[in-house]
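Written below as structure tokens is the structure these notes are about.
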Amino acid sequence: MRRRLKTRILITGAAAGIILLAVIFAGVIAPNDPYTTNALAIRKAPCADYPFGTDNLGRCVLSRVLYGGRTTIAATFFLVFLSFLAGTFIGMICGTCGGWADRLLMRIADILLSFPQMVVAIAVAGILNGGMKGAMIALGITMWVSFARLARSHTMSIRQEAYISSAILAGKSRLNIICTHIFPNLLAPLFTNALTQVGTTMIGLSGLSFLGLGVIPPTAEWGSMISEARAYIQIAPWAVLAPAAVTILTIVVFNYLGDLVMEYRETQG
Amino acid sequence: MKRSLSTGRKGRNDNVTRIVRWGKNLIRLIFILIILSFLVFALLYLAPGDPAEKRLTSQGIAVTKEVLDAERERLGLFRPFLVRYGEWLLGVFRGDFGVSFRDDLPVAPKLAAGLQKTVQLASASLLLSLIFSFPLAVLAAWKKDRVPDHIVCLLSFFGNSLPNFLISVLLMYLLCIRMRVFPVIASGSLQGLFMPVISLAIPMTGRFIRQMRAEFLVQLSEDYVAGMRRRGVKERYLILNVIRNSLGHILTIIALQIGTLMGGSVVIENIFRWPGIGKLVMESITARDYPVIMGFVLIMGTIYVAVNQLADICFHALDPRGQA
């Protein structure tokens, strides 16, 4: 059972790796420049020069998908990473210090979770009007909470362990204990949580972009590409279907990977 | 608080504890709503520039120092922040959400008209996705790790991984352009309701199945189920008992999903030009019409908070252990 899970994780992980590599080396793989418009090749069907066809301005869809993936995936990972850092930090403080700081921070977290997340994100991103950065701030407001809660509860259970009391008796400082004992033990559950957040974050970010609250044109991004090309889907369906397909593929791969890793960790204990 | 409850004579009067709990719920609700309203009012100050400036720019008037100061005076911006917040809140209580920056018309009727349309759309998709997800979740939990479970889980996984804007774009492509079942631009008829409802319902069904299945599985692993099985109780009755005992949790799951539904309906309304509150808010964001945006967040937030509070009350009411 665990062996099978492990191979599945490896295969899905490899697929995720391929997506990441394709996006990182977009400059090498992309057949054309994603921003060069070509008046002679407007809404051209897929051919040898343009494997995924061209869009309304004669830009190569494949190149735009590759470069757009850079924007989407980089923003997603950056946002998840920041929430991971902020949430872990806050959660560890709450878990080790306790007292009023813990109560205050957890209260704030509770309140943030009692508002509809996407509604707040749309309003904040819309008012900030700051492109991708605004969209990331809008989603980040509530994203750190799940990390903070997880980090807090794990810190609290780790604190009961014998090695923590012996470290305290050995005269180690609180910071030292946090760095050497608590943080490394938190990594596995928090990393799993981060992995499951990737898909949701990508859905949220590309949704905001689709609404026009994300990237500022002409920057390539999957959500905004779909939104743009939707207007002429009858004439050039490939300009919608290509970014749609890669969005679905990426989200499916990362969601599946998150599920598998979670299952793997559950069967462990 | 917990301590004072447990040291009191046990079972003295359950009504008292219930009233105390309701009171606590109510205080919590009011507290959260006050914070919500405060944050919504602060939204106005999130972007650079004060309301007078925003109002003038959104109306396309050239901003000079004199015009700006006159406008500030007229809007009462020289008074303290908290006073203005209080006045705004008082107005909201009376159903007055201010006047639109764009056309100087009161915001409340616009929001009400949009909300009505959005509620139609949202409740239709909620109903549709419950009709599908509930039986499928029961089936999957009952046949755990067998073929029906795998199929349902796979479907739910894909539903969960599809952003709703993608579903609607793909549906449009398939049904309107490829198969020509529907006209590309549908009016507000039943036919026009079909595609937005489906687009909202598919991801929601995926999430519902996943969460409900997990909840049923928790119930199925309880001792009472094992006991019933040993006593030879028919599976039919066993399932009915399990469903009865998970109802509270399922209500909570549904209430939490309403937040996602609200965000999703903004996207869907804009794609299908459904004249709901989500379409209104996107138009207002482009026009920098702050009173509408604030009203939108306040209304949606209040509905969400109230629905979840209600679900919490129902959760306790449905739990027979609380009444014993």
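Put +1 on the Cβ of each Lys and Arg and -1 on the Cβ of each Asp and Glu in the protein assembly as shown; which of A:71, B:142, B:152 then has its Cα farthest toward the positive end of the dipole?
The Cα lying farthest towards the positive end belongs to B:142.
Taking the Kirkwood radius as the inverse of the mean 1/r across Cα pairs, report the Rg/Rh of the protein assembly as shown.
Here Rg/Rh amounts to 0.98.
I need the shape label for segment B:233-324. Rule: rounded when a/c is under 1.5, else prolate if a/b > b/c, else oblate, with a, b, c from the alpha carbon gyration tensor.
It is oblate, given that a/c is not under 1.5 and a/b is not larger than b/c.
Which value, in debye to the nearest 20, gives the size of the charge dipole of chain A about its Cα centre, when Lys and Arg are +1 and Asp and Glu are -1 at the Cβ?
540
Hydropathy first: keep DSSP H helices in chain A averaging at least 1.6 on Kyte-Doolittle, then drop any whose Cα extent along the axis falls short of 15 Å, and list what survives.
Result, helices passing both filters: A:117-128.
So what's the back-of-envelope 222 nm ellipticity for chain B, counting only DSSP H runs of four-plus at -39500 (n - 2.57) apiece and dividing by all residues, rounded to 500?
Helix contribution divided over all residues of chain B: -25500 deg cm²/dmol.
In whole Å, how far is the Cα centre of segment B:208-249 from that of segment A:165-214?
35
Assuming a ≥ b ≥ c are the square roots of the Cα gyration tensor eigenvalues, decide whether segment B:108-322 counts as rounded (a/c under 1.5), prolate (otherwise, with a/b larger than b/c) or oblate.
oblate
In 10 Å bins starting at zero, report the fraction of Cα pairs in segment A:208-269 per bin as a rounded %.
Computed distribution, short to long bins: 21, 35, 22, 14, 7, 1.
Go ahead and collect, in residue order, the members of segment B:89-104 whose backbone nitrogen is under 18 Å from a label point 7 Å along the Cα-Cβ direction of residue B:70.
B:104
If you place +1 on the Cβ of every Lys and Arg and -1 on the Cβ of every Asp and Glu, how big does the dipole about the Cα centre of the protein assembly as shown come out, in debye to the nearest 20?
2020
Once you treat every alpha carbon in segment A:67-204 as an equal point and sum by Debye, what is log10 I(q)/I(0) at q = 0.09, 0.14 Å⁻¹?
With no solvent term, the Cα-only Debye profile gives -0.32, -0.69.
Mind checking which of A:113, A:13, B:252 is farthest towards the positive end of the protein assembly as shown's charge dipole, using Cβ charges of +1 (Lys, Arg) and -1 (Asp, Glu) about the Cα centre?
Value: B:252.
Say we join alpha carbon atoms closer than 10 Å with springs in a Gaussian network model of chain A; which of A:256, A:163, A:35 then has the biggest fluctuation?
Of the options given, A:163 has the highest mean-square fluctuation.
What is the average number of partner chain Cβ atoms found within 10 Å of a Cβ in A:125-132?
Mean shielding count: 4.
Label residue B:230 and residue A:25 with points 7 Å out from Cα along Cα→Cβ: what is the distance between them in nm?
6.2
Which one of B:261, B:33, B:174 has the biggest mean-square fluctuation once chain B is modelled by GNM with Cα springs under 10 Å?
B:174
With labels modelled as points extended 7 Å from the Cα through the Cβ direction, what inter-label distance (nm, one decimal) is found for residue B:222 paired with residue B:147?
3.2
Residues of B:290-296, mean number of Cβ from any other protein chain within 10 Å of their own Cβ, rounded to a whole number?
Counting other chains' Cβ atoms within 10 Å and averaging over B:290-296 gives 2.
About the Cα centre of segment B:108-322, what is the dipole size in debye to 20, counting +1 per Lys and Arg Cβ and -1 per Asp and Glu Cβ, all else neutral?
The dipole of segment B:108-322 has a size of about 540 debye.
Which FRET efficiency value, to the nearest 0.05, is calculated for residue B:273 and residue A:179 with the Förster distance at 51 angstrom and r the Cβ-Cβ distance?
That gives a FRET efficiency of 0.40.
Between residue B:19 and residue A:235, what's the calculated FRET efficiency when r is the beta-carbon distance and R0 is 60 Å? Round to 0.05.
After rounding, the FRET efficiency stands at 0.40.
We did not get these values from a lab; they are worked out from the coordinates using the rules stated. Just so it is clear, the structure is predicted and the values come from calculations on it, not from any experiment. Note: ideal-geometry Cβ built from the backbone for every residue, glycine included; neighbour counts use all protein chains shown.
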